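Undergrad: Got a structure here, written out as structure tokens. Questions coming.
What follows draws every value from the coordinates through simple rules; no lab data is involved. What you see is a predicted model, and the numbers here were worked out from it, not measured in a lab. Please note: Cβ atoms are built from the backbone with ideal geometry, for glycine as well, and neighbour counts cover all protein chains shown.
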Amino acid sequence: GGTALANCTSAGCLGASQVRVLPGGTLGGTGLVTSTGSVLQYPGAIIAPGDPSVNNGFGCLTYGTSPGLNGVRLRCQVNGTTNDSVKINASVAVPGYMTVELVAASAAACPDSLRIIEATSMTGATDLSGWEVEAPCPYRAVREGNAIVLYKEPPTALGTWQRAMPIRFGGYAG
């Protein structure tokens with residue numbers, strides 16, 4: 001799959017037909033994703049906001065129409081102060097499953113929360129426990145109004161999963 005950067009700011013700048021992001025293909029940039037046709041993103045497609053040549057690659061990719069997000073991978077760069085994001089100037093159906101990949105130098109570069117998707121309105125899934133977040137530290141996805149926010153999970157205390165289990169062997173009187 002190839003990579004296309006949408007860095008334009010006017011409607012229809014991606015052409016007069018459908019925009020298709022196929023499995024393995026990447027759509028990135030800091031502009032407006034729109035065409036006079038529909039925007040189709042197939043499961044396995046990658047959304048990577050930002051332009052590597054601008055602002056250290058950080059940015060916001062804006063959709064003029066509702067994109068399909070089911071099965072799509074969202075790849076966001078993150079550091080302690082900023083992160084890539086997606087803005088949708090339409091209503092979007094939130095999928096029950098999506099993969100979010102956070103690219104960070106280390107766990108220390110991951111903030112407590114990240115707003116990754118914002119839309120005019122949202123329908124669809126409210127329980128995002130099926131979302132997979134790949135990051136240097138654990139996060140959980142939460143739908144808050146018209147936004148998807150990632151919250152850093154606290155480290156798991158060893159006592160929460162360790163259990164004492166006495167084992168008895170024949171002939172042992174302990």
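Undergrad: Quick one: which residues, 5+ away or cross-chain, put their amide H under 5 Å from the amide H of Leu5? H built at 1.01 Å from N.
TA: Residues meeting the criterion, in which the H sits 1.01 Å from N, are Gly28.
Undergrad: Assuming a ≥ b ≥ c are the square roots of the Cα gyration tensor eigenvalues, decide whether segment 1-117 counts as rounded (a/c under 1.5), prolate (otherwise, with a/b larger than b/c) or oblate.
TA: prolate
Undergrad: Out of Val94, Val54, Thr82, whose Cα points farthest toward the positive end of the dipole of segment 1-116 (charges: +1 Lys, Arg; -1 Asp, Glu; placed on Cβ)?
TA: Sorting the options by dipole projection puts first Val94.
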